[in-house]
Amino acid sequence: MLEDFQNIEIFSPSIFDIAGNMLVALVCGLIISMVYRIVYKGPSYSVTFVNSLVLLAMITSVVILVIGNNLARAFGLVGAMSIIRFRTAVRDTQDIIFIFFSLTVGMAAGVGLKIVAIIATLVVSVVIIILVGTNFAAPKRRQHLLQVSYSGTDSADNKLSKILKKYCRRIKLVNLKNVGFNEDIEAFYHFNLKKANKNEEFLRTLNSLDFVTNVNIFFDEDDNNSPT
């Protein structure tokens, strides 16, 4: 009885079905890869990863065609795939989303749900472009990092505190340490400016203080100012 169950062959696609499913997987994979190229903003763009998104959709569709509804094939393929070790670390959460996106579309194309694969690809792609294009996940208040080295006296602390309160809406001390064997202090702050156009003025004011020896301000990537 078990052998009869293993040999059930209800899903036996023709050559036209196979070609159609793989073509849909190819088109959807190309769309996914193009969307990835549009929305990716990281520093380490990988050509091989973009190509892999296309191939992943097609290969997944072939895997689904090979398995069909045969239970023995499914377990055999799982055992064969378990031999493979993927040791490449995924750099970004967004990359994992696109891998899963390509896999899902390939599965839909493999079982012959061509309309589902195409509509899902288009809808999800539009949503991704809208989310990234509108900076949906961007914080309402942008925090910057201030690094300032100065002579650690009570007078210097009071003057620095007044300057920070004058220009910053919010400021939080995240690290404070002594530098060398003297009383010099290196402080790190997270801060939000009251006015975004006061960046240069804020930096000049800090540098003009006689007790300040070094100032670095790291602004967000999309700001006009680079780390100073």
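Within the stretch 23-59, the set of residues being in contact with a Ser or Thr (Cβ under 6 Å, 6 or more places away or on another chain) and either among the β-branched types (Val, Ile, Thr) or over 20 Å from residue 125 (Cα atoms) (or both) comprises 31, 32, 35, 50, 54.
Listed by first and then second residue, the pairs with beta-carbon distance under 6 Å, at least 6 apart or on different chains, first residue in the stretch 35-47 and closer than 15 Å to residue 99 by Cα and open to solvent by less than 20 Å² (accessible area, probe 1.4 Å), second in a helix (DSSP H, G or I) and of a type in the set (S, T, N, Q), are 35/125.
With the condition kept exactly as written, say whether any residue in the stretch 109-125 is surrounded by 13 or more Cβ atoms within 10 Å (Cβ to Cβ), among the small types (Gly, Ala, Ser), over 28 Å from residue 14 (Cα atoms) and at pLDDT 75 or above. The answer is yes, given that some residue of the stretch 109-125 is surrounded by 13 or more Cβ atoms within 10 Å (Cβ to Cβ), among the small types (Gly, Ala, Ser), over 28 Å from residue 14 (Cα atoms) and at pLDDT 75 or above. Look at the stretch 1-28: where a residue is within 27 Å of residue 55 (Cα to Cα), no partner that is among the acidic types (Asp, Glu) and at pLDDT 80 or above sits 6+ places away or on another chain with Cβ atoms under 7 Å. Here residue 98 qualifies as assigned to a helix (DSSP H, G or I), farther than 30 Å from residue 176 by Cβ and modelled with pLDDT of 70 or more. Considering the stretch 144-163, the residues that are in contact (Cβ under 8 Å) with a residue 60 or more places away in the chain and over 16 Å from residue 213 (Cα atoms) include one that is surrounded by the most Cβ atoms within 10 Å (Cβ to Cβ), namely 144. Under the condition of being open to solvent by less than 30 Å² (accessible area, probe 1.4 Å) and farther than 18 Å from residue 218 by Cβ, the residues counted in the stretch 164-204 number 1. You will find that of 58, 22, the residue that is at pLDDT 85 or above and farther than 21 Å from residue 95 by Cβ is 22 and no other.
The values are calculated or read from the model by the stated rules, or taken from the named source; none is laboratory data. For clarity, every value in this text was computed on a predicted model and none was experimentally measured. Virtual Cβ from ideal backbone geometry, glycine too; neighbours counted across all protein chains shown. Just so you know, the surface numbers come from the protein's heavy atoms only, side chains and all, with ligands and any DNA or RNA stripped out. Shrake-Rupley method; radii C 1.70, N 1.55, O 1.52, S 1.80 Å.
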